[in-house]
Amino acid sequence: MKLVKAFKMALLGIWGNKFRVILSIFGVIIGVFAVIVLSAIALGVKDTVMKQMGSLGAEQIMVMPGRVLKDDGGAHNFLSGVSSSPSTLTNTDAEEIGKLKSVESVTPLLETVGRIQYESQFGEARTVEGMLVGTSDSYQEVIHTSLEEGRFFTNDEGANKDRVVVLGSGIHASLMNQNQNQDLMDDETETNVEAEKKWWQKLLDKFTGNTVNAEEAPTAEESLVGKEVIIQGDTFTVVGVLESVATLGMTSNSSILMPVQTALDVTSTENLTNIYVKADSIENLDQVEKEVHGAVGLNHPETDFSTVKQTEMLGAIETVTKILQVMLIGITATALVISGAGIMNVMVMSVRERTREIGIRKALGASTLEILLQFLFETILLCLAGGIIGLLLGYGFVQWWNGAITIFPLVLPIWVIQLALGSSILIGCICGIYPAIKAARLQPSRALRFE
Amino acid sequence: MMTLSNINKSYKSAAGRESVLGGLDFQIDAGEYVAIMGSSGTGKSTLMNILGTLERPDCGEYLFRGKKIHRMSNRKLTLMRNKEIGFVFQNYQLIPNLSIYQNVMLPLEYHRKGFMKKRDRVRKALMMVGLEGKSRQKPQQLSGGQKQRVAIARAIVNEPSLLLADEPTGSLDEKTTESILKLFDHLHQRGVTIILITHDMEVAKRAERIMYLKGGLLKEHTYETSQSL
Ligand SMILES: Nc1ncnc2c1ncn2[C@@H]1O[C@H](COP(=O)(O)OP(=O)(O)OP(=O)(O)O)[C@@H](O)[C@H]1O
Ligand SMILES: [Mg+2]
């Protein structure tokens, strides 16, 4: 009963001071908005990276150039330094690892920037730059991607240094783009029909087992599978196109994939960027790591490489996100304390200005507790209103981002919302208690004489 | 109904303690209608605050309906005040942010009563002072006399047994003063105890008894005291 009354009085009190109210909750709005957006970004980045790293599988061991410092426990300490020495890893190292019995698959990775050119049937040439990746057929497994059409190259093709290439969806689209634009200029409706057909084709391919042969590849400019492209001056045959993925960082959309042997042949690069190794089981991962280390060490008398287990990578990311979280909490606390101080100031002024009102209320039957609750609720409501507005703005921002920007999705879990609203209420309680006590302790006769 | 004996009240001021009430004795029976007169600054409002339990005397005894006011807790006093006493303050004391209706409703806000009943009471009180058409307006939209009537409506809305009115006709013309005094007569007939503070002898004459505050003491009004007014 008393609570309801005090709540009602608080609402009326706020309504009577609209302008000041809006000004005073500005800080809370901005604070909560910033917190929501920052946490959504931090959590979104963490989620995306974790998903990518996590999808590698726990049996993964990565061989990377340079030495990662180990801390006392023997775990790699990524934060205190990865020496950025040029890679000395070679395909021979990958082959040595492949000889190990406890290793299920080895995926060498050679990454360099390359150019790819395609000349359409209309005689128009288009050149695109992309990430040239030399690897093996197990790459698909590591990067967790499947083919949109065509097939992946085989290890035999690698051994023969065949000029075969698998295109990332982005590269494929860019190479096709020019021709599609031409279609657009010719007839717009026709393009729509084309697109429709493509979609049907895709669905049909899925049903029929997704093995579109290079020779059977759809006519004209629908796909480059089976077509010839020029990379680094050499002629390559496109054998497949990767499915498009919208992710941050390790995206394969702009990749130009070819067997690692071919890549070594056509580029000036001699060293691998890194090597992914998959152990045959999780149990003796430490043992496998040692063996891998030994195998690579055969050709590296001086240790200029590191072997890192997947779990260690995840741990490193966890550490980074923890630091991010601590920073976030710090920002939240600072923002809310500052806005809380503003609100407290406004409320103290409000109590002073409304001294007579308080005197009248007390004279006419309001108890000390009712006055206390009225002003406390007023402050809490202010903070909560600011929190809700900030939350809505933040939510709107996250929605907009996720709709318009595809690099990585922002994540807004319910606990962030609860935290934001909870801390607004908490700030309201903390900052409201002093003005409320000040109001409640006013002596009615004196308050009535207040000018 | 009320018995005050040896009431003392002083305030701190620049020149040390300034005594306002010194050893005041006063008694009033239930249903009595008393006017208190006195020149400005003699402590009439202070006395009203003490009678209305808004302020505690420095020393002395105050019995209200047999209860020892000077021994009661603030919480109990608040409850009692809300039920038993109606206040007409000297400067109207309306809350500017609230409408006339909400201002009159104030004493009932702290009552445990149904909404409909409260609303009816507010309407009735506004009707008695002739302001039923102004309930949605804000105090600053009213004239001084209208504000005074709102203050009176608020004082009677909780149907108090004691009405304390500090200069309720101070800013009213003769006609309105007369209607207010008629209302007071009406309340008096219904058994409400009324203490009316005024400067106006004509107004004071409507009461059964006239008291005169001077030198911190209340004296019965006689011909002699009236000569010294
Ligand atoms: N809270 C207070 N602090 C200090 N002095 C006070 C306080 N309240 C009243 N006084 C003093 O007490 C004296 C009596 O004041 P009070 O308001 O009771 O006079 P009054 O008889 O009502 O005068 P008026 O007819 O002008 O309304 C004044 O001198 C005033 O200065
Ligand atoms: Mg006075």
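List of remarks:
- Just so you know, the Cα atoms of region A:316-362 work out to an Rg and Dmax of 19.6, 63 Å.
- At most 14 other Cβ within 10 Å, DSSP loop - trypsin sites (Lys or Arg not before Pro), region B:99-206: B:R112, B:K113, B:R136, B:R190, B:K205
- Dividing the alpha-carbon radius of gyration of chain B by the rule-of-thumb value 2.2 N^0.38 Å gives 1.01.
- Here the spin labels are modelled as points 7 Å beyond Cα on the Cα-Cβ line, and at A:D280 and A:L12 they lie 8.2 nm apart.
- Counting Cβ atoms of other protein chains within 10 Å of each Cβ in B:86-94 and taking the mean gives 3.
- Considering every alpha-carbon pair of the protein assembly as shown, the percent of pairs per 10 Å bin, from zero through the bin containing the longest distance, is 3, 12, 15, 13, 10, 8, 7, 7, 8, 8, 6, 2, 0, 0.
- Shielding by other protein chains, A:8-16, mean Cβ within 10 Å: 2
- Averaged over the residues of A:355-363, the number of partner chain Cβ atoms lying within 10 Å of the residue Cβ comes to 6.
- Across region A:329-338, computed HN-Hα scalar couplings (Karplus, 6.51 cos²θ - 1.76 cosθ + 1.60, θ = phi - 60°) run 4, x, 5, 4, 4, 4, 4, 6, 5, 5 Hz from first to last residue, x flagging Gly and Pro.
Since every read-out is calculated from the coordinates, none of them should be taken as a lab result. Since the structure is predicted, the reported quantities are computational estimates derived from the model, not experimental observations. Every residue, glycine as well, gets a Cβ built from its backbone with ideal geometry; the counts of neighbours run over all protein chains shown.
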